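The values are calculated or read from the model by the stated rules, or taken from the named source; none is laboratory data. A quick note: this is a predicted structure, and the numbers were derived from the prediction, not measured. Methodologically, a virtual Cβ is constructed for each residue, glycine included, from the backbone with ideal geometry; neighbour enumeration extends over all protein chains shown.
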Amino acid sequence: MAPTRLTPARLLASVTFSLGLLTSSLGLAENTTDVAASIEPMHFASEGKVKIAGKVIEYQAVAGQLLMRNDEGEPIALYGYTSYTRSDTNPSKRPVLFAYNGGPGSASLWLHMGILGPERTVLDDPNFTTEGPFQRVNNEYSILDVADLVMIDPIGTGFSKAVGDSEGKDFWGVDNDIRSVTDFIARWTSDNGRWLSPKYVLGESYGGIRSGGVAYDLLSRYSLALNGVILVSPFMDYVGGFAGLPFDQPYINFLSTYAATAWYHQTSPYRPDNLEAFVAEAEAFARGPYARVLQLGARVSADEEQAVLEQLERFTGISQSYWRAANLRIDESRFTKELMRVAGKNVGRIDSRFVGNAINHIGESVAYDPFFPAVGPAVVATFNDYYRGELGVDTDQRYVTSAGLWQDWSFSHDTPGVGTVAAANTGIDLNHAMLQNPHMRILVQQGYFDLATPYGGTQYFLDQLRLPEELRSNITTAYYEAGHMMYIHKDSMAKFKADLREFIAQ
């Protein structure tokens, strides 16, 4: 039987970004029918301290919600967030970093407990951290030494929810999501007297699509100019970022990460010592001979196709016969299934260093991503313990960590200079924002073993930015020998903090 071709709808329904469906049992939204009971925003204030580089930093924390209203003054949402601010500095000069994960449908606990907040989850990367007692410790890699921090939970995640006459789906789409996050940032800035502060946004995965739009929307609707945008494992372009769609570019973008994954698991005898050089070689092959053969299609010669098949096997360890049967195009779900099929193992999509036992040994795609059960239980447990204990959040509401918002998500986007398109690419929005705010800088942080938002996809997005040469120097890239959440890898954790600290401290 020929391999089943995933349709775009089925593919979008089967994968989410920045730690999408950790578990389907977590639900989507809270009941908004009892407006009187749900309209009062939560506000839990506390004080804490964190030790970074031998220095103790004291801060004020707020875990709460902002009541958001529409232009008519009607309540539409309770927007959940967690903020950390220092009281011993001049707030007008102190940078503030707004941060969120992606999904769409992921709350911010991953970045919060992984790298940015004052405490972090202890993980046995890249093994399964599933046996309690789970631990959280002082986070010496927190960003609080150089910036105040606001962790944002978009509507439908965390404690954020629609209220009044609005519904969750009013916020669930590329444009509505961008607008609501922008409105929250502007509102928090006003409520906390931070208009003079240097401002940064950090988005992971689908947070990249959000950040590209937010940077432009803040500038165009609020005249709020960001100092910088940090893109962590960014997903910016629907067409270029989904292998499995009937387009060739995603397959080209994914190939260098396939090679990096094979290098890590030693599935091919061709394994140079230097990973960075190996990935560069694979990228050159992907953009050159491989791309040419894909584009030639039926006009390719037998000799040229054979030469490419040999290289595909050499870079990945997956047989020429499999590549040929797949028409030289393997999406990430098939790749994670096939790479270690003989050993009865699946490799991770979010982080391809992770390995789990296969469930269906003859299937065409994986039944689960081993990254989620390996990491999720410890992060969720320590976050809930920290949030309800240390920060004093006293509520019987459920903190929604991951929700399948893609089911109701609108993927179209009103693209600057183009109009409405069916598949969003907010690299264009970011491009417009950089042209109109030439002092805004960009930091891109990318893992080599990320099959959700692969290295090649990030390179492709950056290459497509149409900028004058002097603005290209505003872009800094940093790469890590880890996956999508590169900051859970011990060595990458320190590098992540150093790269982020240097970027904000400039």
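Being of a type in the set (A, V, I, L, M), buried (at least 16 other Cβ atoms within 10 Å of the Cβ) and in contact (Cβ under 8 Å) with a residue 60 or more places away in the chain narrows it down to one residue among 482, 494; which is it?
Answer to the selection: 482.
Any residue that is more than 30 Å from residue 506 (Cα to Cα), assigned by TED's automatic domain parsing to the domain that holds residue 492 and among the hydroxyl-bearing types (Ser, Thr, Tyr) - is there at least one of those in the range 166-173?
Taking every residue of the range 166-173 in turn, at least one turns out to be more than 30 Å from residue 506 (Cα to Cα), assigned by TED's automatic domain parsing to the domain that holds residue 492 and among the hydroxyl-bearing types (Ser, Thr, Tyr).
Results for (1) out of contact with any strand residue (DSSP E or B) (no Cβ under 9 Å at 6 or more places or on another chain); (2) crowded, with 24+ Cβ neighbours inside 10 Å; (3) more than 30 Å from residue 353 (Cβ to Cβ); (4) not small (Gly, Ala, Ser), shown as yes or no for each residue.
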residue: 429; (1), (2), (3), (4): no, yes, yes, yes
residue: 459; (1), (2), (3), (4): no, no, no, yes
residue: 463; (1), (2), (3), (4): yes, no, no, yes
residue: 468; (1), (2), (3), (4): yes, no, yes, yes
residue: 472; (1), (2), (3), (4): yes, no, yes, yes
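Being assigned by TED's automatic domain parsing to the domain that holds residue 199, assigned to a loop (DSSP other than H, G, I, E, B) and touching a residue at least 40 places away in the same chain (Cβ under 8 Å) is true for just one of 91, 133. Which residue is that?
Sole residue among the options that is assigned by TED's automatic domain parsing to the domain that holds residue 199, assigned to a loop (DSSP other than H, G, I, E, B) and touching a residue at least 40 places away in the same chain (Cβ under 8 Å): 91.
Given (1) touching a residue at least 60 places away in the same chain (Cβ under 8 Å); (2) within 30 Å of residue 180 (Cα to Cα); (3) assigned to a helix (DSSP H, G or I), identify the lone condition not met by residue 335.
(2)
Return yes when residue 32 is in a loop (DSSP other than H, G, I, E, B), crowded, with 24+ Cβ neighbours inside 10 Å and modelled with pLDDT under 95 and no when it is not.
Considered against the rule, which asks whether it is in a loop (DSSP other than H, G, I, E, B), crowded, with 24+ Cβ neighbours inside 10 Å and modelled with pLDDT under 95, residue 32 comes out as no.
Can you pull out the helices (runs of 4 or more DSSP H) entirely within the range 147-259 that have at least 3 residues that are modelled with pLDDT of 95 or more?
174-191, 206-222
Could you give me the residue pairs with C-beta distances under 6 Å whose first residue belongs to the range 287-305 and is under 17 Å from residue 460 (Cα atoms) and among the aromatic types (Phe, Trp, Tyr), whose second residue is part of a helix (DSSP H, G or I) and at pLDDT 95 or above wherever it lies, and which are 6+ apart or on separate chains?
Sorted first by the residue in the range 287-305, then by its partner, the pairs are 290/308.
For residues that are closer than 15 Å to residue 262 by Cβ and β-branched (Val, Ile, Thr), scanning just the range 301-331, find the one that is farthest from the chain's Cα centre (by Cα).
Filtering the range 301-331 for residues that are closer than 15 Å to residue 262 by Cβ and β-branched (Val, Ile, Thr), the one farthest from the chain's Cα centre (by Cα) comes out as 318.
Residue check, residue 415 against (1) of a type outside the set (Lys, Arg); (2) within 19 Å of the chain's Cα centre (by Cα); (3) within 24 Å of residue 253 (Cα to Cα), all met but one. Which one?
Checking residue 415 against (1) of a type outside the set (Lys, Arg); (2) within 19 Å of the chain's Cα centre (by Cα); (3) within 24 Å of residue 253 (Cα to Cα), the one that fails is (2).
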